[in-house]
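K.L.:
Mind having a look at this structure? Questions to follow.
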Amino acid sequence: MNSRLPATAWPTDAGIIHDEQGAAAFVTDWRKRYHGRALAVAQPRSTAAVAALVRHCAQAGIPIVPQGGNTGLVGGGTPDDSGRAIVLSLARMTGIRAVDTGNDTITVEAGCVLAEVQRVARESGRLFPLSLAAEGSCTIGGNLATNAGGVQVLRYGNARDLCLGLEVVTASGDIWDGLRGLRKDNTGYSLRDLFIGSEGTLGIITAATLKLFPLPAAQLTAFAAVPDVDRAVALLNLAKRRLAASLTAFELISEFCLSLVDRHFPQARRPLTDPSPYYVLLESSDAEGEEHAQALFEALMAEALESGLVTDAAVASSIAQSRAFWALRENIPLAQAMEGKNIKHDIGVPISSIATYVAQTNAEIERAAPGVRMVVFGHLGDGNLHYNVSPAPGVDPEAFLANEPLINRIVYDAVDRHHGSISAEHGLGQLKREENAHYKPAVEIALMRSLKQALDPSGILNPGKLLPDAPCANPAP
Ligand code: FAD
Ligand code: ZN
């Protein structure tokens, strides 16, 4: 099959991909959960070309689905199956516009892959700390549009905290140049913060000015066995007190997660011989150097072992070993995908509630939907867990998936009781937009709709994402 997509009088610099086969990768999401169709896929190379394309679509009433690396986990970057929308891929906008080491900022185009931004920063003797397992393919535009989190939020914040300025093409095709490298700027509404996390529904991000940090003088990684989530949280609080701002990552991993990595990544080596119900991967980044870092870290581990928070621990003795520890954590989502069908959640609750949350919700799910295994891991230091569910061996995957609404209700009702978030870092996309409306106050949804109406009155930007379907104007009595 290599049929041509319908031709329209697209602007000449829109970078339209003309064959259906070439376009196929853009209409299915990373999890292969959503399969859409596109009127065309465009890969413009400049902000002016994006603006011209958006003006064209605005005039013709053609919906636009912005897309970066297509690694999103909630179906936000793929079109529906009507074939009416175009996919606007920013992947060819990869310019590094400026590195300002005096101001500790970097200005990059939206299609820059995150790992590339990290590399350029490092070459300039600086750290760009946003870090997530998809960093080899996700883009800065996508990171900002989803306000991505990752493994260093604890110390450096999420994508929003790392962004000082944006360039955005509006729904009418105007270019807003807000590429300011200012740490302080109280001159009215923060438009930047409105576009960050808006998942392509309010504007197209074409470039960003991002914060840079000093490279740490020393970095230490430890893998520690903990008996339960309660003690993992106690270890977090101890590590915060002992390491203060040096604590840069604190990730929870359950034994079942590690066994999935064992199975699907046979080259992986466990750092500890005896299994434990949970493990913590923690990292410190020290400004004062190796010796200082080592002394603090060793004192922390000794205290944690003595007080029974930790039953065993390994500290990486080389960069290669530290990478191997991190690979165990980063390969969990991939191992879970290789294992087969699963139900994903990305929950956030106050750290003080997280142990109770896990214990109570595990029990409730096992009671209501037997034949499941809990896949619990994630950013404990931020109160954010990937609280996923897989079928037990021998359970029919389709029968398991039939329980998804029931399991989701249990997971999200519990989140709601703890005043948490049903999407701490992945966004809403198609997957959670209705669920979000179920839990958010009506006033909040109405305010979001007003913003959408103000910035995209004809609704051409990423329709069917983030916001729930509009309520019927004249509901039946
Ligand atoms: P896409 O998937 O292409 O798009 C995501 C959303 O942003 C869509 O709604 C799209 O319309 C919109 N969008 C994309 N580019 C633009 C733009 N230029 N302007 C306006 N809107 C745009 N996420 C985390 O937060 N933390 C994690 O730890 C994490 N780990 C992951 C691990 C794996 C293995 C995978 C596959 C994903 C992970 N993710 C994580 C999710 C995902 O990588 C992030 O959401 C990432 O920020 C998406 O970037 P992207 O370029 O792939 O965006
Ligand atoms: Zn995550």
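K.L.:
Give me the residue from segment 203-226 that is within 19 Å of the chain's Cα centre (by Cα) and closer than 21 Å to THR248 by Cβ and, out of that set, nearest to ligand 1 (Cβ to nearest atom).
P.N.:
LEU210
K.L.:
For segment 124-143, what are the residues that are assigned to a strand (DSSP E or B) and within 16 Å of ligand 2 (Cβ to nearest atom)?
P.N.:
The answer is SER131, and nothing else.
K.L.:
Moving on. Kindly indicate which of LEU210, LEU220 is closer than 27 Å to PHE325 by Cα and more than 16 Å from ligand 2 (Cβ to nearest atom).
P.N.:
Going through LEU210, LEU220 in turn, just one is closer than 27 Å to PHE325 by Cα and more than 16 Å from ligand 2 (Cβ to nearest atom): LEU220.
K.L.:
Of the residues in segment 231-258, how many are of a type outside the set (Val, Ile, Thr), more than 10 Å from TYR279 (Cα to Cα) and part of a strand (DSSP E or B)?
P.N.:
Residues that pass the stated criteria total 3.
K.L.:
Counting only residues that are polar (S, T, N, Q), under 22 Å from ALA355 (Cβ atoms), away from ligand 1 (no atom under 12 Å from the Cβ) and outside any helix (DSSP H, G or I), how many does segment 391-426 have?
P.N.:
1
K.L.:
A further question follows. Take the residues of segment 427-438 that are part of a helix (DSSP H, G or I) and under 23 Å from GLY378 (Cα atoms): which is farthest from ligand 1 (Cβ to nearest atom)?
P.N.:
Residue satisfying both the conditions and the ranking: GLU435.
K.L.:
Looking only at segment 185-192, decide whether some residue is within 16 Å of ligand 2 (Cβ to nearest atom), free of Cβ contacts under 8 Å to residues at least 24 places away in the same chain and surrounded by fewer than 19 Cβ atoms within 10 Å (Cβ to Cβ).
P.N.:
no
K.L.:
Tell me, which residue of segment 144-184 that is within 15 Å of ligand 1 (Cβ to nearest atom), part of a loop (DSSP other than H, G, I, E, B) and aliphatic (A, V, I, L, M) is surrounded by the most Cβ atoms within 10 Å (Cβ to Cβ)?
P.N.:
Applying the filter and picking the extreme gives ALA148.
Matching residues to (1) within 25 Å of PRO277 (Cβ to Cβ); (2) at pLDDT below 95; (3) more than 16 Å from ligand 2 (Cβ to nearest atom); (4) of a type outside the set (A, V, I, L, M):
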position	(1), (2), (3), (4)
ILE365	yes, no, yes, no
ALA369	yes, yes, yes, no
VAL375	yes, no, no, no
LEU385	yes, no, no, no
PRO393	yes, yes, yes, yes
GLU398	no, yes, yes, yes
GLU404	no, no, yes, yes
ALA414	yes, no, yes, no
GLY427	no, no, no, yes
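K.L.:
While we're here: Please indicate, with yes or no, whether at least one residue in segment 99-106 is surrounded by fewer than 24 Cβ atoms within 10 Å (Cβ to Cβ), within 15 Å of ligand 1 (Cβ to nearest atom) and of a type outside the set (A, V, I, L, M, F, W, C).
P.N.:
Looking for residues that are surrounded by fewer than 24 Cβ atoms within 10 Å (Cβ to Cβ), within 15 Å of ligand 1 (Cβ to nearest atom) and of a type outside the set (A, V, I, L, M, F, W, C), one finds none in segment 99-106, hence no.
K.L.:
Take ASN388 and decide whether it is more than 20 Å from SER254 (Cβ to Cβ) and within 13 Å of ligand 1 (Cβ to nearest atom).
P.N.:
Criteria not met by ASN388.
K.L.:
For the structure I just gave you, tell me whether SER198 is more than 16 Å from ligand 2 (Cβ to nearest atom), assigned to a loop (DSSP other than H, G, I, E, B) and either buried (at least 23 other Cβ atoms within 10 Å of the Cβ) or of a type in the set (A, V, I, L, M) (or both).
P.N.:
Judged against the criteria, SER198 is a match.
Every residue, every condition in (1) among the polar types (S, T, N, Q); (2) more than 16 Å from ligand 1 (Cβ to nearest atom); (3) assigned to a loop (DSSP other than H, G, I, E, B), yes or no:
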{"position": "ALA268", "(1), (2), (3)": "no, no, yes"}
{"position": "SER276", "(1), (2), (3)": "yes, yes, yes"}
{"position": "VAL280", "(1), (2), (3)": "no, yes, no"}
{"position": "GLU288", "(1), (2), (3)": "no, yes, yes"}
{"position": "ALA302", "(1), (2), (3)": "no, yes, no"}
{"position": "GLN336", "(1), (2), (3)": "yes, no, no"}
{"position": "ILE354", "(1), (2), (3)": "no, yes, no"}
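K.L.:
Among (1) under 30 Å from ARG122 (Cα atoms); (2) in a loop (DSSP other than H, G, I, E, B); (3) not aromatic (Phe, Trp, Tyr), which single condition is ILE106 missing?
P.N.:
Just one mismatch for ILE106, condition (2).
K.L.:
Only residues that are near ligand 1 (Cβ under 10 Å from one of its atoms) and among the aliphatic types (A, V, I, L, M): list them for segment 65-98, please.
P.N.:
Hits for segment 65-98 are VAL65, LEU73, VAL74, VAL87, LEU88, LEU90, ALA91, MET93.
K.L.:
Would it be correct to say that GLY83 is within 16 Å of ligand 2 (Cβ to nearest atom) and out of contact with any His (no Cβ under 7 Å at 6 or more places or on another chain)?
P.N.:
no
K.L.:
Select from segment 361-390 the residues that are assigned to a helix (DSSP H, G or I) and in contact (Cβ under 8 Å) with a residue 40 or more places away in the chain and list them in ascending order.
P.N.:
THR361, GLU364, ILE365, ALA368, LEU380, GLY381, ASP382 - these are the residues of segment 361-390 that are assigned to a helix (DSSP H, G or I) and in contact (Cβ under 8 Å) with a residue 40 or more places away in the chain.
K.L.:
Let me ask you something else. Tally time: how many residues in segment 341-361 are within 17 Å of ILE407 (Cβ to Cβ), surrounded by fewer than 18 Cβ atoms within 10 Å (Cβ to Cβ) and more than 21 Å from the chain's Cα centre (by Cα)?
P.N.:
2
K.L.:
For the condition surrounded by 13 or more Cβ atoms within 10 Å (Cβ to Cβ), under 30 Å from ALA171 (Cα atoms) and not acidic (Asp, Glu), what is the one hit in ARG373, ARG409, ARG449?
P.N.:
It is ARG449.
K.L.:
Among the residues of segment 134-143, write down those that are within 7 Å of ligand 1 (Cβ to nearest atom), under 23 Å from ASP185 (Cβ atoms) and not polar (S, T, N, Q).
P.N.:
GLY141
K.L.:
Does segment 144-184 hold any residues that are within 16 Å of ligand 2 (Cβ to nearest atom), in contact (Cβ under 8 Å) with a residue 60 or more places away in the chain and not aliphatic (A, V, I, L, M), and which are they?
P.N.:
Within segment 144-184, THR146, ASN147, GLY149, GLY150, GLN152, ARG155, TYR156, ASN158 qualify.
K.L.:
A follow-up question, please. For segment 304-323, enumerate the residues that are crowded, with 18+ Cβ neighbours inside 10 Å and not in a strand (DSSP E or B).
P.N.:
Listed by number, the residues that qualify are ALA304, LEU309, VAL310, ALA316, SER322.
The values are calculated or read from the model by the stated rules, or taken from the named source; none is laboratory data. Nothing here was measured: the structure is a model prediction, and the numbers come from that model. Heads up, the Cβs are rebuilt from the backbone with ideal geometry, glycines too, and the neighbour counts pull from every protein chain shown.
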